[in-house]
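The next block holds one structure in the form of structure tokens; read it before the comments.
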Amino acid sequence: MKNNKWHLKPLAAAFALAGLVGGLSISQQAVASIDTGDDTLEISGFVENATYFRNKVGLSKFRNTLQLEGTKLLGNMGAFSEVSINGTFRATYDGVYDLNSDEYGDGAGGAVFLTPVVPATGTFNVAPGGGIPLGNLTTEGLRNEGLEILGQSRHTVKGHGVELAVPVRPCDKDSRGCLDGYMDDSLNELRYSDFNDRWDFIRELYVNAVIDMDSGTTFNLSVGKKQEVWGRTDLFRVLDILNPIDYSRNNIYDEFEDTRIPLWMATAEWQFGANNLLDDMNLQFVWIFDKFRPSKLGQSGTPNQILGAGELFRSLNLCWEEGCTASVFAGVTPDDASIATNFGPGVLGIREADMPEWSLANSQLGVKFEGVYKDIGFSLNAFYTRSQLPSLRAGIPSDNPFTGSVLTGGNYGDNIESQYYSHLISFDIHFPRVFLVGGSLDYYSEALDTAIRVEGAWTKGEEFADSTQERLFSESEVARWVIGADHNFFVRSINKNKAFLLSFQTFGQHILQHNRVQRAFGEAGIPDRENNYISTLLLQGWWMQDRLSFKVIQAYDWGAEAYVVSPAMDWLIDDNWRLQVGANIKFDRGPAEWADCTKCSPFSPYTDSTAPIHAGGASGEAGLGGIEPLGRFIDGPIGTARNEDEIQITLRYRF
Amino acid sequence: MKKFTKGLLGAALLSVAASASAVTDIDIENSFKPYTKGFPTVEGVVAGLVINKDNVDKYASVFDKGMIKHIKDGWVDITVGEPMDFVLNQRYIDATKAGAKNVKLGEKTGQIEGYMAGRAFPMEPSLDDPRAGEKLAWNFQYGYNWGDSAAISPFYWAYKNMNTGKIERNIKFNFYFMNFAHRVSQDPVPEVSPNPGGLFRAIYLNVAEPFDVKNTQLLIHRSKNDLKRDNSWLYLGFQRRVRRLATGQTTDSFLGSDLMIEDFEGYNGRVSDMNWTYKGTRTMLMPFYDASKQERTDKYKEADGYKYSTYHGKGGCFPNVTYSLRKVYVVESVPVDSNHPVGKRVHYMDAQTFTLPRTVTFDRQGKYWKSWSIGQAHPDHHLPINKGSGVSIDDSFGIMDIQSMHCTTGQFKGIVDENLVKKKQFSVQYMRSFGK
């Protein structure tokens, strides 16, 4: 735990950035941008340091960024006019992995001891491998260093459901639990998150060209790596789903502009303009031919892991690859889970992430029809895509730990067989195909003096954890919507010249084939609520010619009863310097529990309970559960980050 | 009986005010060419005269009270330039001759009937006409302004501390204007088709610099029906999203400047948003000038060698231009909306061009709030392409918030060139395309 190293190379990079900040001396009179001496070439950019401090953790971000944006106008080329090349390049170094490496770097984690309710092996503090011997961990599985207990940063662990150890160091420092190709970043890939095999330092690079037709229609073609934005609402992604999101940057709290993961795509758009019915009419086709990329959820041992998914997946892959000790898993009686239990490899956990290869069939297609009718702006959207969030599908061939185990009179490994077991918590990760149709509209209500924005979408193909199913997931159609209202109002006594902005939004989600049932030991099924709502309220004011603004963003997850308030100040010191200071504070009712398939009895008769569902040796969810692993879906993204209160300071120099 | 007579008289006056006028071509010639018989004169006010705090009392009649105070306080010296005739585009004058006789006010403020194109009410206003102010407002609203379409590209704004002269922020814009209806000089005439939304005019702008507001775009659609609210959209570059603007935001500080969207071009709102009162006709010094004879700067390099207006005086807030004697209609506008931040504006409306070179704004408590000047350059001595356009070129502006001692200045490169302005620019989708 005490290997906090100061690496020379990244620190040099940090100081180099700082030096760049100090060394730039553009005239105050000049509007910030680089004078290229070429009217057809625009280049601008910024350097930025974002330093965040997290309660009880210390430094949680020391991100230094250099971003360059440029446009080169090429003029007319063949049938095309207004041809341009547009690029955005970003280089980021996050020093938190060096400056607070005890928490987030190669010194993170340590030895862990699980805490069974009943110490079947003689102690309440069980190291990996110290459970009852239902299997043997590998040497790596037994190595008790660089570990945390799953969920320990979010809740107390003792007696609240399954306990698993999870490696927390970067994957090149400790490869245990790292899935191949998914959440497997090395220390340098975490430090320099834009530099990876997908060339994320190219935020955008695309060619744009226009054909102005005699009919008055404008055809706009754009090809390259880019962000494409649909929809009309902020903060929520109902239609704005063409690009996946990098939640590892700052959970759900950064601007999408910075967190969308650009993809290689082509967009073709016909801007028909006005006709006898519509004031404006456009048709757009989007073809995303990039190799599929899921949203980046943050891997184990990093500061921002939305829903704690990164550590869950790593603990489960550790369990599959090296074996693991799961505390409060086996029971003293058939109906409880109280004893730490050792499993060998290939029994439980996540085997692999099935990352779709590039193929024409795996590309994504979207179409949008957009227009203005009278005073209403609207769009109709359809998108054939893949889920950007992982689905855990059980039903992979696994070993029966009981046949041949010491508990059944033999030695583990002698007679194990690899076959399908229903209700067994061994998974592969998939990203299923999803089809979305939706629409949006905006309207200004004169009576309310309020601009109203609405988005809605229906999807087919999404998958949800569901332990009542043999393969522990079920597919459901989902309806999502957002309604937003923006109202500007003056408080002259505070600000004579500038109105305050009050923006309210509510997001709703309805899972159409929702499944929840009452079983012998509790409720089971899909942990996500059938209907859930999240509301946000933004209040913002500006002073000093908009150079100083204060805003407070609040969000409340009605189902999770989780609340976050984020006050922030934004000061444009001059044309070049900008300082932002904010906080992010959460409140919630505490961690929720959910059935976790501890009592699913996949290996009858060894795992039978007295629950009726196990009569006759059948497998099935009996409803026993705890906080881990599925309580996170009840807590939601705000609730799971309950212990991530932060002070955030960002200083930017733009040029 | 007396009461009845008075009521009858009032009704008769209103009837006269609202009816189509018996306007003649001579009235129209007088309206567009008020200086045919010579420029107005005021004793001692001749080209080359510098009016400063020592002699301003002598020439007080040619300034508004606000400007007198600024000169007295030593904030600015005004140099008198040669008078110039700003004859508007002949097609606009012809359209006035063809249509003005059919134009009359409707029952309510904001209603106008029979208007096709040109100056709506070219007859000399009368203090006896209770709706004279409204007619003048229509003349401004349907003024030749930037013609049927034009661009200000680029358009540099500077936010300044008046006390220190420090420039706090610079913004580089591109502005585009297009009339969808009542067009006179550029095809299609008189209206763009199709025009299902019944638009009269649209303004589109984008921000080129600085980085934090780059690609911010604003689109305003004004309907032919003045009683219908403007539709406005804002594209925020950092969100890559178009947001519909609430009307209240047009009376908000625009991007932190000292202007509201409603202040654009002197007044950028509906006629029906205000109660208009004609207060009289005056001879005043107004910033109408020959740009080629002004001090200009090449601070912002232009390939064509164009040089921008300069600023002087307190905080560098006053356009450094010469003023010339002009025939001016004084018109007051009072917002209909009781929540409007402005209590009253006094517009000094140029009688020949119906531009608003000078507007003084008072807050709801009646205190002097903003001093707003827009320098008008003669088109024949500006960019070559503007020569003969018959557009009074907005060339320099300074708007001062007297209460907070802050100002915003603007340096225009106004180009009357229909090739720079495309219909597609005035659509919401264009904002999305441009903003990528």
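Things worth noting here:
- Reported count of residues in region A:192-231, each being facing another protein chain (nearest Cβ under 10 Å), in contact with a Phe, Trp or Tyr (Cβ under 7 Å, 6 or more places away or on another chain) and surrounded by fewer than 19 Cβ atoms within 10 Å (Cβ to Cβ), is 1.
- Qualifying residue in region B:349-361 (condition: over 17 Å from B:Asn145 (Cβ atoms) and out of contact with any helix residue (DSSP H, G or I) (no Cβ under 7 Å at 6 or more places or on another chain)): yes
- Verdict on B:Tyr267 being more than 14 Å from chain A (Cβ to nearest Cβ) and crowded, with 22+ Cβ neighbours inside 10 Å: yes
- Qualifying residue in region A:235-246 (condition: under 27 Å from A:Asp486 (Cα atoms), out of contact with any strand residue (DSSP E or B) (no Cβ under 9 Å at 6 or more places or on another chain), within 11 Å of chain B (Cβ to nearest Cβ) and assigned to a loop (DSSP other than H, G, I, E, B)): no
- Output for region B:127-164, where each listed residue is aromatic (Phe, Trp, Tyr) and more than 14 Å from chain A (Cβ to nearest Cβ): B:Trp138, B:Phe140, B:Tyr142, B:Tyr144, B:Trp146
- Flag if A:Leu312 is surrounded by fewer than 24 Cβ atoms within 10 Å (Cβ to Cβ), among the aliphatic types (A, V, I, L, M) and in a helix (DSSP H, G or I): yes
- Test for B:Ile385: is it of a type in the set (A, V, I, L, M, F, W, C) and in a helix (DSSP H, G or I): yes
- Qualifying residue in region A:286-293 (condition: within 12 Å of chain B (Cβ to nearest Cβ), among the hydrophobic types (A, V, I, L, M, F, W, C), assigned to a loop (DSSP other than H, G, I, E, B) and in contact (Cβ under 8 Å) with a residue 40 or more places away in the chain): no
- Residue check: A:Lys599 meets all listed conditions (1) touching a Ser or Thr at 6+ places or on another chain (Cβ under 9 Å); (2) at pLDDT 95 or above; (3) basic (Lys, Arg) but one, namely (2).
- Residue match in region B:293-302 (condition: in a helix (DSSP H, G or I) and within 14 Å of another protein chain (Cβ to nearest Cβ)): no
- Restricting region B:232-264 to residues that are among the small types (Gly, Ala, Ser) and part of a helix (DSSP H, G or I), the residue that is farthest from the other protein chains (Cβ to nearest Cβ): B:Gly248
Okay, residues lined up against (1) among the aromatic types (Phe, Trp, Tyr); (2) closer than 21 Å to B:Met260 by Cβ; (3) outside any loop (DSSP other than H, G, I, E, B):
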residue	(1), (2), (3)
B:Ala158	no, yes, yes
B:Ile171	no, yes, yes
B:Phe177	yes, yes, yes
B:Arg183	no, no, no
B:Ser193	no, no, no
B:Phe200	yes, yes, yes
B:Leu205	no, yes, yes
B:Ala208	no, no, yes
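- Verdict on B:Asp394 being in contact with a Lys or Arg (Cβ under 6 Å, 6 or more places away or on another chain), away from chain A (no Cβ under 14 Å) and either buried (at least 18 other Cβ atoms within 10 Å of the Cβ) or of a type outside the set (Gly, Ala, Ser) (or both): no
- Meets criteria (out of contact with any strand residue (DSSP E or B) (no Cβ under 9 Å at 6 or more places or on another chain) and either among the basic types (Lys, Arg) or more than 20 Å from A:Gly181 (Cα to Cα) (or both)) for A:Phe402: yes
To keep it simple, each residue is scored yes or no on (1) within 14 Å of chain B (Cβ to nearest Cβ); (2) modelled with pLDDT of 95 or more; (3) under 30 Å from A:Pro401 (Cα atoms); (4) part of a helix (DSSP H, G or I).
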{"residue": "A:Gln513", "(1), (2), (3), (4)": "no, yes, no, no"}
{"residue": "A:Val517", "(1), (2), (3), (4)": "no, yes, yes, no"}
{"residue": "A:Ser535", "(1), (2), (3), (4)": "no, yes, no, no"}
{"residue": "A:Leu538", "(1), (2), (3), (4)": "yes, yes, no, no"}
{"residue": "A:Gly559", "(1), (2), (3), (4)": "no, yes, no, no"}
{"residue": "A:Ser566", "(1), (2), (3), (4)": "no, yes, no, no"}
{"residue": "A:Val581", "(1), (2), (3), (4)": "no, yes, no, no"}
{"residue": "A:Ile585", "(1), (2), (3), (4)": "no, yes, no, no"}
{"residue": "A:Gly616", "(1), (2), (3), (4)": "no, no, yes, yes"}
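- Every test in (1) without any contact (Cβ under 8 Å) to a residue 24 or more places away in the chain; (2) in contact with a strand residue (DSSP E or B) (Cβ under 8 Å, 6 or more places away or on another chain) is passed by B:Gly388 save one, and that test is (2).
- The set of residues in region A:324-380 being part of a strand (DSSP E or B) and of a type in the set (S, T, N, Q) consists of A:Thr325, A:Ser327, A:Thr341, A:Asn342, A:Gln364, A:Ser379.
- Test result for A:Ile149, more than 13 Å from every other protein chain (Cβ to nearest Cβ), within 19 Å of the chain's Cα centre (by Cα) and either more than 30 Å from A:Ile350 (Cβ to Cβ) or surrounded by 17 or more Cβ atoms within 10 Å (Cβ to Cβ) (or both): no
The values are calculated or read from the model by the stated rules, or taken from the named source; none is laboratory data. All values derive from a computational prediction rather than experimental measurement. Positions of Cβ are generated from backbone atoms using ideal geometry, with glycine treated the same way; all protein chains shown enter the neighbour counts.
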